[in-house]
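Undergrad: Below you'll find the structure I mean.
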Amino acid sequence: MTELQRVFARNGPISVGVDTGGTHTDVVLVHDKKVVTLKVPTTPQDLNIGILDGLEKACAVAGVGLERLSRFVYATTYVTNLIVEEKDTNVGLITTAGFRDVLEIGRASRKPDVYDIQWRPTRPLVPRHLRLGVRERMDYQGSVLTPLDERAAREVLQQLKEAGVRSIAVCLLHAYANPAHERRIAELAREVCPDVDISLSSDVVREFREYERTSTTCVNAFIKKAIVEHLDALEIAAGERAISAGCYIMRGNGGLSTFKKASNLAAAITHSGVMGGIIGATALATQCGIRNIITLDMGGTSTDVALVTDGTPQMTQRSKVGGHPLLIPTLDMITIGAGGGSMAWIEGGSGLRVGPRSAGSVPGPACYGLGGMNPTVTDANLYTGRLNPEFFLAGTRPLYPEKSEAALREKIAEPLSLSLADASIGILSIAEAHMANAIRLVSVERGLDPRDFALVAFGGAGALHAVRLAEALSIKKILIPPAPGNLSAMGLLCADIRHDYVQTMVTDLDPNVTEVLRQIVQTLLAQANEALKGEGVEPDHAQFQATVDLRYQGQNYDLNIPLVDRDLEGDFAALEGRFNDLHERVYGYRLNARTVQLVNVRVTATGFNEKASWPIHEAGAGSPVPAARREIYIETLGWQLAPVYRFEDLHPTQEIEGPAIVEYPGSTLFVAPNWVARFDESKNAHLTHFDA
């Protein structure tokens, strides 16, 4: 029995985090400050196969049975893929008569490029013949202007039932202010079409903005049945293997919820697969005393970039999935189609392009030997010597360099009259340019200097490209976790339970609205408290935060400001002052004489969990000893013989100067010339430039 197995053999909770990506499924097992990490291929035909296979392998390494698992936290790209691929369009929409085309009209603006004459809006999730209206009307304060025509509602429900829809989204005008008509339609649906799932906008998002509210409700209806079936099947399959652990899933707000609770608001799971990395990177940086970071999560299919200031990830109330707007709280991030599996191709006979198309896990890059014929970023890294064909994923997946060379030569090098080395460097440079632009979007374009931040790079491929990105952006500090390919899964075990509630209240910020504001806050707090109780959160582990969205009268966008007790007593002068200060900081100006409007009231409920952490290691003596040396291709130097280190052979306090390679079980770190990597007590790699 190994020392690791002896630790896991002790009594006590064993937590597991599983992050299912487009290419690999990452698993992290934690017990008593000991960690087991591994990667297994994602199984697109049935995600549960890869998940349970990864759990069994991780438990085998730890020497424990699956029945020992006490907490299972899951994140997945499954929901996002459902929307992007639009695998099932049997969804209907019921709206107020005359508003069936809100979903298609949208904002009637040409975005993102007003000069692109080829641009077309995203196709609505619900086709027009399945978007039907009923006679009813509320005003923005919730007063009934036109009663619900129940006969027409029954006819519409029957029509959608006969059309074969599996799910119906109900989004009536101003239902955020008064949900009575929507709830009556839900009652009628239980009579007319009891087998059809119903999503009410008043349950999904109690917030104004008709287009975004309708889109969010349709997204929820589109994925709800599928995600319920997926999570139910996962729980059943886990139970069949004697897993009785409590099951939680990561949501877009960076918090956890039980499978059952999360299924009721499926739209909140759309960004599940991304958020674990942001939370994990934030926890890691905080442990290292770093408060401002840019996270770079590069996997096999895409790269996700986010900004963390003063130890807190940025939040947004508006995001998109597959081009469809969402009006729910999510961690603010940018996703681009640049991953290890991003395919290189030639456009117009001479233009080298990389991504967004991906080879995925099947057939994968050409070097996988599974039938992939197109060169990818992974193939370019393999040819330039940055990847070891005999130690990819710790040797569990052999790579075939000859297949990479053949694909690079046939598809890129010969058509462009380039050497294989230049073709490979070209592919890597283009992919890195895309990622650098994404980092600029979350920093420079928001008035922030990336040089004031440390870059935390992870994912299967993040550590391969971190140094070149830092050089492009003049970033002087890089942080690489002990298991870069598994940080997202580790982040799942660092997350808290979180629920967000909102109620629109559009009014001037005036002392006369104090009592109404106070009542709304109390109502939302009661809902939030009930949600945490339902998750089994003890009162001393619960925290509640009330905030409001404010704007200047006439503005279309707002800023979120925390509420304090003094605000709820009707003294809004301090609240207005905080809003003016924030507005000036964000937009560069303030309008002290302009009336401030209250737009939305929000309450966030947090149930604190015990956080997982990376183990502490003993310091090493002397300089690190390379496991091998191999030639790697460096842009300005050509082929260079560089030392190759194995991560398990390294110890705290040791340093590595570039050019060099560090091979992790699930990732690879490329240390470029003029950079040095220093390892701390948890074997985090801190990279700095010689000039820093």
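Undergrad: Take the conditions of a type in the set (Asp, Glu) and either touching a strand residue (DSSP E or B) at 6+ places or on another chain (Cβ under 9 Å) or surrounded by 20 or more Cβ atoms within 10 Å (Cβ to Cβ) (or both) and apply them to residue 635. Does it pass?
TA: no
Undergrad: So which of 42, 20, 37 ends up being in contact with a Pro (Cβ under 9 Å, 6 or more places away or on another chain) and surrounded by 20 or more Cβ atoms within 10 Å (Cβ to Cβ)?
TA: Values: 42 fails: in contact with a Pro (Cβ under 9 Å, 6 or more places away or on another chain); 20 fails: in contact with a Pro (Cβ under 9 Å, 6 or more places away or on another chain).
Step by step, each of 42, 20, 37 is checked, and only 37 is in contact with a Pro (Cβ under 9 Å, 6 or more places away or on another chain) and surrounded by 20 or more Cβ atoms within 10 Å (Cβ to Cβ).
Undergrad: Starting from the stretch 518-545, take each residue that is assigned by TED's automatic domain parsing to the domain that holds residue 501 and part of a loop (DSSP other than H, G, I, E, B) and list its partners that are among the hydroxyl-bearing types (Ser, Thr, Tyr) and surrounded by fewer than 18 Cβ atoms within 10 Å (Cβ to Cβ), counting only C-beta distances under 9 angstrom and pairs at least six apart or across chains.
TA: 535/258; 536/258
Undergrad: Next question, about the same structure. Can you pull out the residues in the stretch 318-332 that are crowded, with 19+ Cβ neighbours inside 10 Å and either more than 14 Å from the chain's Cα centre (by Cα) or modelled with pLDDT of 95 or more (or both)?
TA: If the condition is that a residue be crowded, with 19+ Cβ neighbours inside 10 Å and either more than 14 Å from the chain's Cα centre (by Cα) or modelled with pLDDT of 95 or more (or both), then 324, 325, 327 are the ones that fit.
Undergrad: Now for a different question. All but one of (1) within 30 Å of residue 388 (Cα to Cα); (2) of a type in the set (A, V, I, L, M, F, W, C); (3) touching a helix residue (DSSP H, G or I) at 6+ places or on another chain (Cβ under 7 Å); (4) touching a residue at least 60 places away in the same chain (Cβ under 8 Å) hold for residue 470; which doesn't?
TA: Of (1) within 30 Å of residue 388 (Cα to Cα); (2) of a type in the set (A, V, I, L, M, F, W, C); (3) touching a helix residue (DSSP H, G or I) at 6+ places or on another chain (Cβ under 7 Å); (4) touching a residue at least 60 places away in the same chain (Cβ under 8 Å), only one is false for residue 470: (3).
Undergrad: (1) assigned to a loop (DSSP other than H, G, I, E, B); (2) without any contact (Cβ under 8 Å) to a residue 12 or more places away in the chain: which one isn't true of residue 12, the others all being true?
TA: (2)
Undergrad: So, one more: Provide a single number: the residues in the stretch 238-290 that are among the polar types (S, T, N, Q), part of a loop (DSSP other than H, G, I, E, B) and either crowded, with 24+ Cβ neighbours inside 10 Å or at pLDDT 90 or above (or both).
TA: Residues flagged as among the polar types (S, T, N, Q), part of a loop (DSSP other than H, G, I, E, B) and either crowded, with 24+ Cβ neighbours inside 10 Å or at pLDDT 90 or above (or both) within the stretch 238-290 amount to 2.
Undergrad: A follow-up question, please. Got a sec? Which helices (runs of 4 or more DSSP H) wholly within the stretch 73-164 have at least 1 residues that are in contact with a Lys or Arg (Cβ under 9 Å, 6 or more places away or on another chain) and modelled with pLDDT of 95 or more?
TA: Filter on the stretch 73-164 gives 150-162.
Undergrad: Give the residues of the stretch 162-189 that are basic (Lys, Arg) and within 20 Å of residue 136 (Cα to Cα), sorted by residue number.
TA: 183, 184
Undergrad: Regarding residue 368, is this residue within 22 Å of residue 38 (Cα to Cα) and at pLDDT 90 or above?
TA: In short, yes.
Undergrad: Among residues belonging to the stretch 175-198 that are charged (D, E, K, R) and part of a helix (DSSP H, G or I), point out the one that is farthest from the chain's Cα centre (by Cα). Steps first, please.
TA: Kept after step one, since they are charged (D, E, K, R), are these residues of the stretch 175-198: 182-184, 187, 190-191, 195, 197.
With part of a helix (DSSP H, G or I) added as a condition, the list becomes 182-184, 187, 190-191.
Numbers: 182: 31, 183: 32, 184: 35, 187: 35, 190: 35, 191: 38 Å.
Filtering the stretch 175-198 for residues that are charged (D, E, K, R) and part of a helix (DSSP H, G or I), the one farthest from the chain's Cα centre (by Cα) comes out as 191.
Undergrad: Go through (1) surrounded by fewer than 21 Cβ atoms within 10 Å (Cβ to Cβ); (2) under 29 Å from the mean Cα position of the chain (by Cα); (3) within 12 Å of residue 467 (Cα to Cα) one by one and return the number of the condition residue 680 breaks.
TA: Going through the list (1) surrounded by fewer than 21 Cβ atoms within 10 Å (Cβ to Cβ); (2) under 29 Å from the mean Cα position of the chain (by Cα); (3) within 12 Å of residue 467 (Cα to Cα), residue 680 breaks only (3).
Undergrad: Answer yes if at least one residue in the stretch 293-313 is part of a loop (DSSP other than H, G, I, E, B), touching a residue at least 24 places away in the same chain (Cβ under 8 Å) and among the hydroxyl-bearing types (Ser, Thr, Tyr), and no otherwise.
TA: Yes, because at least one residue in the stretch 293-313 is part of a loop (DSSP other than H, G, I, E, B), touching a residue at least 24 places away in the same chain (Cβ under 8 Å) and among the hydroxyl-bearing types (Ser, Thr, Tyr).
Undergrad: Sticking with this structure for a sec: Would you check which residues across the stretch 337-377 are under 20 Å from residue 418 (Cα atoms), part of a loop (DSSP other than H, G, I, E, B) and of a type in the set (Ser, Thr, Tyr) and list them?
TA: Scanning the stretch 337-377 gives a single hit, 350.
Undergrad: Another question about this same structure. Is it the case, given these coordinates, that residue 366 is crowded, with 22+ Cβ neighbours inside 10 Å, of a type outside the set (Asp, Glu) and out of contact with any Leu (no Cβ under 6 Å at 6 or more places or on another chain)? Full working, then the answer.
TA: On the way: crowded, with 22+ Cβ neighbours inside 10 Å: yes; of a type outside the set (Asp, Glu): yes; out of contact with any Leu (no Cβ under 6 Å at 6 or more places or on another chain): yes.
When the stated conditions are applied, residue 366 passes them.
Undergrad: Among the residues of the stretch 571-606 satisfying the criterion of being among the aliphatic types (A, V, I, L, M) and touching a Leu at 6+ places or on another chain (Cβ under 6 Å), which is surrounded by the fewest Cβ atoms within 10 Å (Cβ to Cβ)?
TA: Only one residue fits best here, namely 582.
The values are calculated or read from the model by the stated rules, or taken from the named source; none is laboratory data. Keep in mind the model is a prediction, meaning the values are calculated, not measured. We place every Cβ from the backbone using ideal geometry, glycine too, and count neighbours over all the protein chains shown.
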